[in-house]
Amino acid sequence: MAKSSSRQKRKINVSSIQERQEEIIEEFSMFEDWMQRYEYMIELGKSLPLIDEKHKIEENIIKGCQSKVWVYAEMDDDQVNYTADSDAIITKGIIAILIRVFSGQKPEDVMNADTSFIDEIGLKEHLSPTRANGLVSMIKQMKMYAIAYNSQQQNKA
Amino acid sequence: MTNTSEQILDIKKIRKDFPILSREINGKPLVYFDNAATSQTPTQVIDCIVDYYENKNANIHRGVHSLSQIATDAYEGAREKVRAHFNAEFAHEIILTAGTTHSINLVANGYASILKPEDEILVSAMEHHSNIVPWQMLCQKTGSKLKVIPMSHKGELEMDTYKELLNENTKLVFVNHVSNALGTINPVKEIIDLAHGVDARVLIDGAQSAPHIKADVQALDVDYYTVSAHKICGPTGVGMLYGKEDLLNMLPPYQGGGEMISEVTFDKTTYAGLPHKFEAGTPNISGGIAFGAALDYMNAIGFDAIAAYEMELLKYATSEIEKIEGVEIYGTTPDRKTAVLSFNIEGLHPYDIGTLLDKMGIAVRTGHHCAQPIMEFYKIPGTVRASFSFYNSKEEIDSFITALKKAKSMLL
Ligand SMILES: Cc1ncc(COP(=O)(O)O)c(C=O)c1O
């Protein structure tokens, strides 16, 4: 019972992907220089326990040239929840931001979301394919999960 | 660093030759320590490329008109400069290629029709992927065996094992003169002599040695030697394959096309002689000429002075970085090493360090440096690699060390 009521509560508080992106843009606009921005990301990277060890397996790994990323998704009712991790802390900070935006959303919304807010908060370079840190593939993977869960839902309906 | 190093080279003057060194990155003066990936280009070389297009541009080896002759002379003049620099016996032993990767593939492709399944190929454990993958592809075609010369924790090849690996089936040995990930200078003369003892041929990948060491291919008695111009102040996409005349003649052509033929009918084509047999199509003419200009530039400074100065930079950087707690350096062969500092800081990921250094205007390479087997050997995801060139200064090393400390304090 307790579980479902907390789920109920979260649903009420759920803001859209758009709203969460705007929130993050606003947060980042308060930083005066790159150093504060990166310190914040490092903080995010350090503080979030992102993935259950049992999901930190070869199957869920995305090998970038530079850093590794693990990503896993589960459905909770009609929302998709992501967990992820990386061996590099700045990569992990960016993952934390992406999870904040995409976790607890409807798969359909994740499928259609864009990630241009990353440009606006000055982290664009980390999403460049040539950076080879696994993030580009990670976003792709997050969307793949969303697509898969979405079609599962459609089939059920 | 003492004053003596400043006397080896006139760094202030040299730096003025490199326009890019005065630009800013992320609002900070650029400190370029990624020289092992590619070197910067002096005005003398840039001017040479501009001059080619302004005054000499024509296709080579084919026109009776004067401009074509001028371009051909400049291109062949560059080949001669390359020959003289590496002391090859003949200019036609110098194949102008697109760089080391191209050169290696050219040789590997040639051996596909020569090797037999019982033959063995040796490569070292510290090779660039460019000097691993083509041989794997070759072995797939021929069924030959690829064996690895192991390395020690210090980053040296295990010569005793190498001797044991050599046998009458060994046909080819591939080793880099200098490792790009560690900076180790390998004992190539000994490697070549031992290989010749069992009648094997040796290809030395000189991509990383060429910026620091003037190799004499005859003195080394090396069979094939490869270089990329972009690592020695020249343009990208140009390089050389040196091969002994008979060993080049023995290889079939790599690509077919214009320029590499002597006669073509639909029944039969006779190939041109060396070097044209391996130079199908219109080459990178301006690049080849600029390759020659780059060698002129570096020779005017002098390779002994360059090596001595870079060694001082390496020693200074090494002693400064060792003061930072938790630093581990990979490639600890101080007397047999070029100016490459490959390291990690305990508990930190190279990607994070590289990202923060970049924010502070410092360009280093992070990752596996196209040498994943080395990273596998040390069981690390990669390293941070700072590689120095003769145009770098002690002040830049100070900025780098300060930035590194800052990055460490942000990350820990
Ligand atoms: C040791 C070594 N071999 C081969 C290469 C490949 O050279 P290129 O990319 O110019 O063909 C490099 C360049 O990074 C190198 O360092």
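The values are calculated or read from the model by the stated rules, or taken from the named source; none is laboratory data. Here the structure is a predicted model, which is why all the values come from computation and not from measurement. Please note: Cβ atoms are built from the backbone with ideal geometry, for glycine as well, and neighbour counts cover all protein chains shown. These area figures cover heavy atoms from the full protein model, side chains too; ligands, DNA and RNA do not enter into them. Shrake-Rupley method; radii C 1.70, N 1.55, O 1.52, S 1.80 Å.
Every pair of different Cα atoms in the range B:46-299 enters the Kirkwood calculation, which places the hydrodynamic radius at 18.8 Å.
At a Förster radius of 35 Å, what calculated FRET efficiency corresponds to the Cβ-Cβ distance of B:Glu322 and A:Lys124, to the nearest 0.05?
The value I calculate is 0.45.
Relative to the globular-protein estimate of 2.2 N^0.38 Å, the Cα radius of gyration of the protein assembly as shown stands at 1.11.
Among the residues of the range A:75-111, those with an accessible-area drop of 20 Å² or more from chain alone to full protein complex, heavy atoms and 1.4 Å probe, are A:Asp87, A:Ala88, A:Ile89, A:Ile90.
Under 5 Å from the amide H of A:Gly104 lie the amide H atoms of A:Val80, A:Asn81, A:Tyr82, each residue being 5 or more positions distant or on a separate chain, with H modelled from the backbone and absent for Pro and chain starts.
Here the gap between A:Ile61 and A:Asn155, fully extended at 0.36 nm per residue and compared with their Cα-Cα distance, gives a gain of 31.0 nm. When you filter the trypsin sites (Lys or Arg not before Pro) in the range B:334-412 for DSSP loop state and at most 15 other Cβ atoms inside 10 Å of their Cβ, you are left with B:Arg336, B:Lys379.
For chain B, leaving out every one of the GluC sites (Glu not before Pro) that falls in a DSSP loop and has at most 12 other Cβ atoms within 10 Å, the longest unbroken run is B:169-321. Structural descriptor for chain B: relative contact order 23 percent, calculated from alpha carbon pairs under 8 angstrom and at least 6 residues apart.
Pairing chain B with chain A buries about 1600 Å² of accessible area. This figure sums both sides and uses a 1.4 Å probe. Membrane-span-like helices of chain B, defined as complete DSSP H segments with a Cα extent of 20 Å or more along the helix axis and a mean Kyte hydropathy of at least -1.0, are identified as B:66-86, B:285-301, B:303-321, B:394-411. Available extension along the chain between B:Glu190 and B:Asp267 is 23.0 nm, counting 0.36 nm per residue and deducting the alpha carbon span. Solvent-accessible area per residue in chain B equals 40 Å², computed with a 1.4 angstrom probe and all protein chains kept. Couplings 3J(HN,Hα) for the range A:111-128, derived from phi with the Karplus relation 6.51 cos²θ - 1.76 cosθ + 1.60 (θ = phi - 60°), are 3, 9, 6, 10, 10, 5, 4, 4, 4, 5, 9, x, 10, 3, 4, 6, 9, 7 Hz, where x marks Gly and Pro. Between the C-alpha center of the range B:332-379 and that of the range B:167-236 there is a gap of 23 Å. For B:Asp34, the amide hydrogen comes within under 5 Å of the amide hydrogens of B:Ser387, counting only partners 5 or more places away or on other chains and with H modelled in the peptide plane.
At a probe radius of 1.4 angstrom, the accessible area of the range A:2-156 per residue rounds to 53 square angstrom.
Each Lys or Arg adds one and each Asp or Glu subtracts one; over the other residues with Cβ under 15 Å from the Cβ of A:Met111, this totals -1. In the range B:313-362, which residues give up 50 Å² or more of accessible area once the other protein chains are added, compared with their chain alone (1.4 Å probe)? Buried-area filter returns B:His349, B:Tyr351, B:Asp352, B:Thr355, B:Lys359. Quick one: if the Förster radius is 25 Å, what FRET efficiency do A:Asn112 and B:Ile25 give, using the C-beta to C-beta distance and rounding to 0.05? Between A:Asn112 and B:Ile25 the formula returns 0.10. A Förster radius of 45 Å, combined with the Cβ-Cβ distance separating A:Met35 from B:Ala305, puts the computed FRET efficiency at roughly 0.70. Whats the longest run of chain B with zero chymotrypsin sites (Phe, Trp or Tyr not before Pro) that are DSSP loop and have at most 15 other Cβ atoms within 10 Å? Here the longest run is B:91-265.
Only beta bridges with both residues in the range B:46-299 are counted; by DSSP, about 45 percent of them are antiparallel.
Would you calculate the convex hull of the Cα atoms in the range A:2-156 and tell me its volume per residue in Å³?
Measuring per residue, one finds 123 Å³ for the Cα hull of the range A:2-156.
Overall, the accessible surface of the protein assembly as shown at a probe of 1.4 angstrom is composed of carbon and sulfur to the extent of 51 percent. Pairs from the list B:Lys154/B:Lys315; B:Lys13/B:Lys337; B:Lys359/B:Lys405; B:Lys359/B:Lys408; A:Lys68/A:Lys92; A:Lys46/A:Lys140 with a Cα-Cα gap above 19 Å: B:Lys13/B:Lys337; A:Lys46/A:Lys140.
Amide H contacts for A:Trp70 (H built 1.01 Å from N in the peptide plane; partners 5 or more residues away or on another chain; cut-off under 5 Å): A:Ile62, A:Asp85, A:Ser86.
Students often get this wrong: which residues of the range A:106-128 have the backbone nitrogen under 18 Å from the point 7 angstrom along Cα-to-C-beta of A:Asn81? What the label zone holds, given the 18 Å backbone N cut-off, is A:106-108, A:110.
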